[in-house]
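Input: a single structure, listed below in structure tokens.
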Ligand SMILES: [Zn+2]
């Protein structure tokens, strides 16, 4: 395996590197502390991956939706921070486009 052939850094490599640094900074850490540090790092990576994937999907779905209430035309109503709850209870923060119906005033976030 030639590391130089693949300079693109995978999230897992990055994680491993960060944990090595953490280990050097905390040479006396107990097993529990190491486990907690790894879990915290994993949670951060997972959050970043999920947010990145959802944001990518959002960018594709930026075309005008029809109002789910009356089928009317919707206009952009600014971006709103939306907090989703991940399946393990973690918060996922998203900056999403909100839409507002010109006819009935209903507001909508794209599905996802
Ligand atoms: Zn409507």
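Applying 1/(1 + (r/R0)^6) with r as the Cβ-Cβ distance of residue 13 and residue 64 and R0 = 30 angstrom yields a FRET efficiency of 0.15. Rounded, prolate or oblate: pick one for region 17-75, where a ≥ b ≥ c are the square roots of the eigenvalues of its C-alpha gyration tensor, a/c under 1.5 means rounded, and failing that, prolate if a/b is larger than b/c, else oblate. Here region 17-75 falls in the prolate category. Counting every other Cβ atom within 10 Å of each residue's Cβ, 63, 39 order from fewest to most as 63, 39. Based on every Cα atom in region 63-112, Rg and the maximum pairwise Cα distance Dmax equal 12.5, 38 Å. With Cα atoms defining each centre, region 38-112 and region 16-31 are spaced 36 Å apart in the structure.
A short reminder: the numbers here are calculations on the coordinates, not readings from a lab. As the structure is a prediction and not an experimental result, all values here were calculated from the model. Virtual Cβ from ideal backbone geometry, glycine too; neighbours counted across all protein chains shown.
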